[in-house]
Amino acid sequence: MLRQHVPFALTRRAEGDYSVDCDSDALFRLAPGTTTIRITDGVEQRFPLFDVIRWAAPLVCAQFGIAFLHAAAVASADRAFVFMGQGGAGKSTLARLLADAGARPLADDALICAPDGSVAAGTERDFRAWCEAAASSAAASRCVDFQDLVDRLERGFGATSPPRMPVDTILFLGLPRAPAGRQGAVALSAAEGFHRLVQQAFGAIPDARTWSREAGHYGRLAATARCWSVHVVDGLDALATAIRRAPSEVVPGWPQH
């Protein structure tokens with residue numbers, strides 16, 4: 001979700017009251033078990049309201065069993081391939097190169113997972129549109145109620161929703177990039193994959209029920225998807241050439257056509 005690295009901190013202000021801060025300044029406040037945030041006056045002088053609302057959504061939605069991954073993703077052969085890593089690791093670039101090679105884009109930087117760990121195309125697009133509309137209203141009210149977003153996402157995971165697909169592979173892209181040489185991919189165990197997912201998560205309000213739900217999401221993903229640690233080497237031009245030649249050389253488990 002973050003185009004630039006922004007250092008966030010979740011701070012407990014009082015019983016049942018938390019703020020998300022950047023450089024000790026509160027961006028917004030929220031209370032456990034609620035769907036409403038209050039945006040700090042003047043925050044838009046530093047960040048667009050659209051971004052502030054996007055950053056708040058994972059914290060609010062996690063309370064209701066909806067998991068956001070800070071990831072790019074594409075689909076091939078009705079399976080999702082997910083790319084995670086720190087800002088600048090190459091998540092979006094890798095997804096874009098694979099889309100140029102014929103894969104179906106799923107997410108650029110926010111992948112929303114159903115309770116069973118599956119994903120669907122179009123969810124990120126709908127999420128961004130919702131945040132755009134909410135930002136227009138929040139400029140005056142300073143409050144955003146995410147209940148409508150939670151309801152929409154829950155309906156989107158229902159039996160009559162668009163077809164979902166399982167997550168086949170999760171690639172954790174490493175920084176710094178490896179020096180020139182051969183592309184490196186190391187298979188991770190389910191426990192290692194779970195640890196990486198927790199490390200790179202958006203985080204959650206320190207509430208036992210919310211943490212239990214988040215851990216359940218990450219555990220199911222790590223147990224059912226193939227997890228790899230990958231270093232992009234030789235620069236993006238070489239990566240693009242390799243993908244055009246054979247995506248399976250870059251992405252372990254990529255289906256052969």
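Checking each residue in region 131-155 for being under 14 Å from Arg54 (Cα atoms) and not in a helix (DSSP H, G or I) picks out Cys143, Val144, Asp145, Phe146.
Tell me, yes or no, whether region 184-195 has at least one residue that is at pLDDT below 75 and either more than 24 Å from Pro7 (Cα to Cα) or among the acidic types (Asp, Glu) (or both). Yes, there is a match, as at least one residue in region 184-195 is at pLDDT below 75 and either more than 24 Å from Pro7 (Cα to Cα) or among the acidic types (Asp, Glu) (or both). Residues in region 91-133 that are touching a residue at least 24 places away in the same chain (Cβ under 8 Å), closer than 23 Å to His217 by Cα and among the aliphatic types (A, V, I, L, M): Leu106, Ala107, Ala110, Leu111, Ile112, Ala114, Val119, Ala120, Ala121. Remark: Ala201 matches the filter, which requires a residue to be at pLDDT below 90, within 21 Å of the chain's Cα centre (by Cα), within 30 Å of Thr36 (Cα to Cα) and not basic (Lys, Arg). Only a single item in (1) out of contact with any Gly (no Cβ under 8 Å at 6 or more places or on another chain); (2) at pLDDT 90 or above; (3) assigned to a helix (DSSP H, G or I); (4) aliphatic (A, V, I, L, M) is not met by Leu59, and it is number (1).
Taken together, Ala56, Ala62 contain a single residue that is touching a Phe, Trp or Tyr at 6+ places or on another chain (Cβ under 6 Å) and within 30 Å of Thr11 (Cβ to Cβ), which is Ala56. For region 120-138, the set of residues classified as modelled with pLDDT under 90 and either of a type in the set (A, V, I, L, M) or over 18 Å from Glu154 (Cβ atoms) (or both) consists of Ala120, Ala121, listed by residue number. Restricting attention to region 83-101, the residues that are within 30 Å of Ala138 (Cβ to Cβ) and in contact with a Leu (Cβ under 7 Å, 6 or more places away or on another chain) total 5.
The set of residues in region 10-30 that are assigned to a strand (DSSP E or B), loosely packed, with under 12 Cβ neighbours inside 10 Å and not charged (D, E, K, R) contains only Ala14.
Number of residues in region 135-149 that are of a type outside the set (Gly, Ala, Ser) and touching a helix residue (DSSP H, G or I) at 6+ places or on another chain (Cβ under 6 Å) equals 3. One residue stands out among those in region 40-50 that are over 22 Å from the mean Cα position of the chain (by Cα) and not in a loop (DSSP other than H, G, I, E, B): the one that is surrounded by the fewest Cβ atoms within 10 Å (Cβ to Cβ), which is Gln45. Of all residues in region 80-104, those satisfying the criterion of being in contact with a Ser or Thr (Cβ under 9 Å, 6 or more places away or on another chain) and of a type outside the set (A, V, I, L, M) are Phe81, Phe83, Gly102, Arg104. Checked against (1) at pLDDT 85 or above; (2) in contact with a strand residue (DSSP E or B) (Cβ under 9 Å, 6 or more places away or on another chain), Gly156 passes all but a single condition, namely (1).
The values are calculated or read from the model by the stated rules, or taken from the named source; none is laboratory data. Source: prediction; values computed, not measured. Note that each Cβ is placed from the backbone with ideal geometry, even for glycine, and that neighbours are counted across all protein chains shown.
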